Amino acid sequence: MAGFVNTVFGLEYRSWSWQPYLVKKYTRPVRFQVHNLARRNRTATVEAFVREIDRKIHGLSASMAATPEEANFHVFVVDRSQYVDVVRRDIYRDMTATAPGRCLVRVESGRRGITRSSAVIVSDEGEFLFNRCLVEEILQGLGPMNDDPSLAHSVFNDYSRHSRFTAFDQFLLNMLYDPRVKPGMNRPQMEEILPVIVRDVRRRLN
């Protein structure tokens, strides 16, 4: 339960989002659009991961958007030389904005849930970084926005060496997308129902 609380309540970059200490999640289908700007076309890999999360997160509908206008989760795949410009131009629409980190995701959220997420994934600095960023930024774009260095079996830990959707993270996301968890819930509200959700998710995934 501590892993859930520490990743869902808080933000890695606390100035970037509305109400960091409330639950953030999608309440409608998540429709992805890939913008591959890198020299290597990574679209098929992103689409495969979208299919994986659709299979593995109960309560979440994830698929590719039929048109860019239908997308509410945009994934920009870039080479490192493009990173700062894409973050400024396409994510923040501010050419003076800071572009921290090796990759990033921005989440726009309110009391009715997440309305839009935008991730920037670097393609040309090795397979480990690409896969790690792909998994971490897309999962964070679904709601658990904070990192926790105590989570040894999670991508929500900048010191871990995981680059796949681990069983631990599947458990966290299935807890978040349990229908009893509502956007805008605070930590005391969540702690009242977490023991029952943990039990039910464990039963469902085993």
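The values are calculated or read from the model by the stated rules, or taken from the named source; none is laboratory data. Remember, it's a predicted structure, so these values are computed and weren't measured experimentally. Cβ sites come from the backbone with ideal geometry, for glycine too, and all protein chains shown count toward neighbours. Surface areas here come from the heavy atoms of the whole protein model, side chains and all, with no ligands, DNA or RNA. Shrake-Rupley method; radii C 1.70, N 1.55, O 1.52, S 1.80 Å.
The table below lists the values:
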| quantity | calculated |
| --- | --- |
| Residue check, ALA48 modelled with pLDDT of 95 or more, open to solvent by 60 Å² or more (accessible area, probe 1.4 Å), outside any loop (DSSP other than H, G, I, E, B) and of a type in the set (A, V, I, L, M, F, W, C) | no |
| Count of region 67-83 residues which are over 16 Å from the mean Cα position of the chain (by Cα) and either assigned to a helix (DSSP H, G or I) or at pLDDT 95 or above (or both) | 9 |
| Tally, over region 59-81, of residues that are open to solvent by 60 Å² or more (accessible area, probe 1.4 Å), under 21 Å from SER109 (Cα atoms) and not charged (D, E, K, R) | 3 |
| Residue selected from region 155-206 under the condition out of contact with any Leu (no Cβ under 9 Å at 6 or more places or on another chain) and of a type in the set (Ser, Thr, Tyr), by the criterion surrounded by the fewest Cβ atoms within 10 Å (Cβ to Cβ) | TYR159 |
| Filtered residue count, region 84-129, keeping only those that are within 17 Å of the chain's Cα centre (by Cα), surrounded by fewer than 18 Cβ atoms within 10 Å (Cβ to Cβ) and of a type outside the set (A, V, I, L, M, F, W, C) | 8 |
